[in-house]
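The values are calculated or read from the model by the stated rules, or taken from the named source; none is laboratory data. Worth saying up front: this structure is predicted, and the values here are computed from it rather than measured. Cβ placement follows ideal geometry from the backbone for every residue including glycine, while neighbour counts extend to all protein chains displayed. Calculation scope for accessible area: heavy atoms of the full protein, side chains included, ligands and nucleic acids excluded. Shrake-Rupley method; radii C 1.70, N 1.55, O 1.52, S 1.80 Å.
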Amino acid sequence: MQTSTPIDPELLRRYDRPGPRYTSYPTAPQFSASFGEAELREAAQSSNGDPIPRRLSLYVHVPFCLSPCFYCGCNRIITRDLTRADSYLARLYREIDLTAGLFDRDREVIQLHFGGGTPNFLSPAQLREVVDTLRRQFHFSDSPQRDISIELDPRFISPADVAELADIGFNRASLGVQDFDPLVQEAVNRIQSVEQTVAVIEACRASGFRSVNVDLIYGLPKQNQEGFARTLDTVVAVRPDRIAVYSYAHLPELFKAQKQIEAADLPTAEAKLGLLQLAIEKLTAAGYVYIGMDHFALPDDELAQAQARGGLHRNFMGYTTHSDSDLIGLGVSAISHIGDSFSQNPRDLISWQGAIDDGRLPVFRGMRLSEDDQLRADLIQRLMCQGEVPVAALERRYAIDFKAYFADSLERLQPLEADGLVRIEPDRITVTSQGRLLLRNIAMCFDKYLDKPVAVTAPRFSRAI
Ligand SMILES: C[S@@+](CC[C@H](N)C(=O)[O-])C[C@H]1O[C@@H](n2cnc3c(N)ncnc32)[C@H](O)[C@@H]1O
Ligand code: SF4
């Protein structure tokens, strides 16, 4: 995908409507309670059947945070009581025990990621214990490509702790920043200095972390061009390998803490677009490559390199270079992708704990993908990662006549083509530089489920911009 991005504000505004982020297809609202423990066991068992054992990715969710950021849309529990980690970890170890037995020992773990909430709510000693437990129960790959990554809140970790994480085996970190502007920080209840953030980034580097990511958000209350420009300049000066610039998803009905945000403080749609434009200009000028869906990387980072050779993938953890692995999600709300199935753990702590205390795998919903789901998932993945749909390759792989099979989708895509978001040719559909900012709108044309809305009481998806 190219990086030159002449933004057409009128066009972007027109396409700024709610849509999924496609970290999975079908998306989580399609999961159903009819997929339970028995189905998960069956999916795990059949996933062991490949002649070449498929590798594993592990995700561990740590839900706790010390302080509530008002914008937050993550599954988290705010507490100052550090002892809550103990009972959580006791359950997590039982879940690991119940789960590991389902997978053949010869299946190598190529990726382990800790997300949250705030994984560094756990002390380095506790994180070491979790990693050691996983190492005992699973077979970790010795490959230099193996990743152990963690989301860090820089407000609550010291450089000495970072060195200990490196000693445990962590080699990638993702730091929450959002904005350094003091007015914005106050409005979102997250006071975080440049100094403490830079200290953590430098500690990661000094300890040999392979890559450091920084999360920013545009569209936050009180955000403006001047302040955000300063934030971008500050971040770029430290040269993190990756920078995520998320669009603020304001869904106060879904995320109660967001009710603390004054609607009047939010930038207008136009101002928000200006912030995105600013981020793209500054980051590309500083040499970052736009990967797609809010993510930028330095050209020598593995994500940018993987994209250049067609080896980029996307899963619940975001973009990744690890293809063809089964994902095992552990902890409250975690999602697994095993073979042709998705499944999710309960999103509330009580239900997750209850299932484990009963000796059950804590799955509360999921789905088995049909052949049609798999084909569309593959297509959407290629759109999100490579910015194109290789028509002939999909026809060969799935034995379909693309034009006939996707007649509805192609019709839906017509106005997007007329607006210059995609180019449709007989052998490929290519996302244009304008379309790269509207990847989810393009993917939505291929989403079979958007026509069949499920019952909802609150908006499920954030807006495209
Ligand atoms: C689990 S948090 C990161 C780790 C750690 N808890 C922290 O905040 O430093 C993941 C990221 O999600 C993003 N995020 C959270 N709520 C969001 C929202 N409502 N809209 C857009 N991005 C959001 C933030 O950029 C945040 O850094
Ligand atoms: S942004 Fe991070 S630290 Fe803040 S509430 Fe959300 S998960 Fe917790």
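The table that follows gives values for the structure above.
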{"item": "From Leu394, Leu349, residue being open to solvent by less than 20 Å² (accessible area, probe 1.4 Å) and hydrophobic (A, V, I, L, M, F, W, C)", "result": "Leu394"}
{"item": "Test for Asp132: is it in contact (Cβ under 8 Å) with a residue 40 or more places away in the chain and charged (D, E, K, R)", "result": "no"}
{"item": "Those residues of segment 55-87 which are open to solvent by 20 Å² or more (accessible area, probe 1.4 Å), assigned to a loop (DSSP other than H, G, I, E, B) and under 15 Å from Ser333 (Cα atoms), in sequence order", "result": "Gly73, Cys74, Asn75, Arg76"}
{"item": "So Gly169, is it more than 16 Å from ligand 2 (Cβ to nearest atom), modelled with pLDDT of 95 or more and under 23 Å from the mean Cα position of the chain (by Cα)", "result": "yes"}
{"item": "Sole exception among (1) away from ligand 2 (no atom under 11 Å from the Cβ); (2) touching a residue at least 40 places away in the same chain (Cβ under 8 Å); (3) out of contact with any Lys or Arg (no Cβ under 9 Å at 6 or more places or on another chain) for Cys74, by number", "result": "(1)"}
{"item": "Scope segment 172-196; condition more than 21 Å from Val236 (Cβ to Cβ) and buried (at least 19 other Cβ atoms within 10 Å of the Cβ); matching residues", "result": "Ala187, Val188"}
{"item": "Segment 414-439, subset open to solvent by 30 Å² or more (accessible area, probe 1.4 Å), touching a Lys or Arg at 6+ places or on another chain (Cβ under 9 Å) and touching a residue at least 12 places away in the same chain (Cβ under 8 Å), residue nearest to Pro390 (Cα to Cα)", "result": "Pro426"}
{"item": "Any hit, segment 181-199, residues being closer than 30 Å to Leu134 by Cβ and among the small types (Gly, Ala, Ser)", "result": "yes"}
{"item": "Scope segment 199-246; condition more than 20 Å from Asp294 (Cα to Cα) and either touching a residue at least 12 places away in the same chain (Cβ under 8 Å) or open to solvent by less than 20 Å² (accessible area, probe 1.4 Å) (or both); matching residues", "result": "Ala199, Val200, Ile201, Glu202, Ala203, Cys204, Ala206, Ser207, Gly208, Phe209, Arg210, Lys222"}
{"item": "Residue in segment 355-373 that is most open to solvent (accessible area, probe 1.4 Å), counting only those that are under 18 Å from Thr99 (Cβ atoms) and touching a Pro at 6+ places or on another chain (Cβ under 8 Å)", "result": "Phe364"}
{"item": "Filter result (among the polar types (S, T, N, Q) and farther than 20 Å from Gly73 by Cβ) within segment 252-291", "result": "Thr268, Gln277, Thr284"}
